[in-house]
Amino acid sequence: MVHPGPSRLLLRAVVATCALAWVSAACGSNASSTVTSASGDDGGAGAGESDSGPDAASGPSPVDGSADSRVADSASSEDSGRKDGAPKPPPTPACKAGDRKEWSGPVASTGISIAVCSVCGASYVVASNDSGAAGQVSVDNGSKTITVNVAAGAMATSANLADNPADGTVTVCASGSSHACLPSSPPNQRYCNPYRDLTNLVPERIDQGVDYGGAGPIYAMAPGTIDVFNNRNDAGWPGGTFVSYVVSVGPAAGKEIYLAENIDLNTSLHSGSFVYSGTVIGTLVDASPDSESGWGVSGESVTAEYSCYTEGCMTPLGVNFNTLLMCLQTPSGTQGTGGCCPQPTGWPSDWCTELTAWQ
């Protein structure tokens, strides 16, 4: 018998060890390949968190040598919580597509986060409850309050509530682990079709502004302050009415919008009154001379192109205002013949892009 050499004895020992351990990878050429790295988030939004984009507060990412251990510890803790059946937090609240978000964030000390959303003349709230107990959110316009219950770890959406007519705001409060209200009342800053509730709406010519026939309420297009207020007593306009307001926010901020002709103005308004998309400026009478609206001049009951206008001519600023109305889903006025006024400068031409960015 030949006695096995040292190398053969070593080989047998290694094979025996591998067989007993049942871990074939341990016999590989590189032992480090058996180590798996812990997985987890990087400090941003993970499976149990929400990243609300530019509205979310964010801190610096870890850059020191302890980052890997923190990630591993965090992952271990999260996995343990999920194995124990801990519920995931509800998603960050968001407004319905197309509605304007006026405010978003947590309500202090309640465990409830909200988004205050606006439609034409009204607001609603989307709430998420990240606490372990049921909560409630209230929306108040100064004369009426509506509430919505939010179950623990769930989301809920309130009904729409007309905004406070004095300033277009709502007051929002939440009750969870405690009771708290938002530090300020969010105003409704949405732009809306001012002719949305007219009956028998008839688009007519584009001249200094845009003419429409029909009957019913005409609203302010956007938040602003009334400048000129002549109710059936302006001799310079057929029908005797001329009212204008200066837009205070959004893509048309600083510009003056007028409304004129066969309209009975809202007598609760006056020069200096606040208006917004829920304010009825006046009621259109369904008879000639119908109505006209467009860009005005501060402090005067004339249009922005009064000095160059000739009767029946389609002006550049009339076309510009018609474009804005169409972006708000108002039917276009009727095109005519231009040439009476020069093309103005300093006015947005792509109102739809401007409104999309604002809304």
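The values are calculated or read from the model by the stated rules, or taken from the named source; none is laboratory data. None of these values were measured; they are calculated from a predicted model. We place every Cβ from the backbone using ideal geometry, glycine too, and count neighbours over all the protein chains shown. Note: areas computed on protein heavy atoms with side chains; ligands, DNA, RNA excluded. Shrake-Rupley method; radii C 1.70, N 1.55, O 1.52, S 1.80 Å.
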Query - Those residues of segment 232-256 which are hydrophobic (A, V, I, L, M, F, W, C), under 19 Å from Asn322 (Cβ atoms) and free of Cβ contacts under 8 Å to residues at least 60 places away in the same chain, in sequence order - result: Val247
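Matching residues to (1) touching a Cys at 6+ places or on another chain (Cβ under 9 Å); (2) farther than 25 Å from Thr169 by Cβ; (3) not β-branched (Val, Ile, Thr):
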site	(1), (2), (3)
Val280	no, no, no
Glu292	no, yes, yes
Val297	no, yes, no
Glu305	yes, yes, yes
Query raised in the report: Can you find even one residue in segment 177-186 that is under 28 Å from Phe321 (Cα atoms) and without any contact (Cβ under 8 Å) to a residue 24 or more places away in the chain?
Result: no
**Report entry** Meets criteria (among the acidic types (Asp, Glu) and under 16 Å from the mean Cα position of the chain (by Cα)) for Asp140
**Finding:** no
Report task. For segment 110-136, enumerate the residues that are modelled with pLDDT under 95 and either over 17 Å from Ala154 (Cα atoms) or of a type in the set (Asp, Glu) (or both). Result -> Asp130
Query raised in the report: Considering segment 193-216 alone, what residues qualify as being in a strand (DSSP E or B) and open to solvent by less than 40 Å² (accessible area, probe 1.4 Å)?
Result: Ile206, Val210, Asp211, Tyr212, Gly213, Gly214, Ala215, Gly216
Query raised in the report: Of all the strands (runs of 3 or more DSSP E) wholly in segment 121-183, which have at least 1 residues that are open to solvent by 60 Å² or more (accessible area, probe 1.4 Å)?
Result: 135-140, 145-150, 155-157, 179-181
**Report entry** Selection count where residues are in contact (Cβ under 8 Å) with a residue 40 or more places away in the chain and either under 14 Å from Gly250 (Cα atoms) or not aliphatic (A, V, I, L, M) (or both), scope segment 312-327
**Finding:** 7
Report task. Report whether or not Arg190 is surrounded by 16 or more Cβ atoms within 10 Å (Cβ to Cβ) and outside any strand (DSSP E or B). Result -> yes
Query raised in the report: Could you say whether any residue in segment 144-166 is touching a Leu at 6+ places or on another chain (Cβ under 6 Å) and either in contact (Cβ under 8 Å) with a residue 24 or more places away in the chain or among the aliphatic types (A, V, I, L, M) (or both)?
Result: yes
Query raised in the report: When you look at Phe229, is it open to solvent by less than 10 Å² (accessible area, probe 1.4 Å), modelled with pLDDT of 95 or more and not in a loop (DSSP other than H, G, I, E, B), yes or no?
Result: no
